[in-house]
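Participant: Starting off with a structure, shown below.
The values are calculated or read from the model by the stated rules, or taken from the named source; none is laboratory data. Note that the structure is predicted; figures quoted are calculated from it, not measured. Neighbour counts run over all protein chains shown; Cβ positions are idealised from the backbone, glycine included.
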Amino acid sequence: MLEEAAIIIEATAKHHLPGTLSGEALSDASYFLDMDLSILAAREDIFDAYEDDIRFEYDFVPADTYTSARAGILKGFRAREQLYFTDICRARREDKARANIQRSIVKLEA
C-alpha cells in the first residue's frame with residue numbers, strides 16, 4: 001500500500017498513469033492525477049492567479065527561458081488526447097482546462 005502511494009505521488013511529475021499499477025490502485029492514481037490537474041479547469045481569474053504564482057515561484061529564471069519552458073509544458077498538455085483520466089473529470093473539466101491552457105499559451109507567446 002505504501003509503495004503504491006509513492007508510485008502515485010511520483011506519477012505527478014509527468015502526469016501519466018503508472019504502468020505498474022492495476023485495479024483499485026490504478027483507479028486511485030487516475031483520481032489523484034485528475035485532482036492534481038484540477039486547477040487547469042478553474043475559473044479564469046483563479047487560473048490566471050495560479051499562472052502568476054508559478055511565475056513568482058520561478059522568478060529566478062530569466063523571462064525568455066521561463067516563457068519558453070512554461071509554454072512547452074502547456075503545449076505538452078494541449079497535445080494530449082485527453083487531460084483527465086476519469087470520465088467525470090473529462091466531462092466536467094476538459095473543455096475549460098483546454099481553454100485556460102490555450103489562453104495561457106497565447107499570453108506567453110505574445
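Participant: I need the full set of residues from the range 19-52 which are farther than 19 Å from Arg90 by Cβ, modelled with pLDDT under 95 and either surrounded by 16 or more Cβ atoms within 10 Å (Cβ to Cβ) or not β-branched (Val, Ile, Thr) (or both), in order please.
Facilitator: Gly19, Leu21, Ser22, Gly23, Glu24, Ala25
Participant: Can you name the number of the only condition in (1) in a loop (DSSP other than H, G, I, E, B); (2) more than 23 Å from Glu10 (Cβ to Cβ) that Asp48 fails?
Facilitator: (1)
Participant: Continuing with the same structure: Exactly one condition in (1) surrounded by fewer than 16 Cβ atoms within 10 Å (Cβ to Cβ); (2) out of contact with any Asp or Glu (no Cβ under 7 Å at 6 or more places or on another chain); (3) assigned to a helix (DSSP H, G or I) is not met by Thr12; state its number.
Facilitator: Against the list (1) surrounded by fewer than 16 Cβ atoms within 10 Å (Cβ to Cβ); (2) out of contact with any Asp or Glu (no Cβ under 7 Å at 6 or more places or on another chain); (3) assigned to a helix (DSSP H, G or I), Thr12 comes up short only on (2).
Participant: Which of the residues belonging to the range 51-93 are touching a helix residue (DSSP H, G or I) at 6+ places or on another chain (Cβ under 7 Å) and among the basic types (Lys, Arg)?
Facilitator: Arg55, Arg70, Lys75, Arg78, Arg93
Participant: If I ask for residues that are surrounded by 14 or more Cβ atoms within 10 Å (Cβ to Cβ) and not β-branched (Val, Ile, Thr), which ones from the range 53-67 would you list?
Facilitator: Arg55, Tyr66
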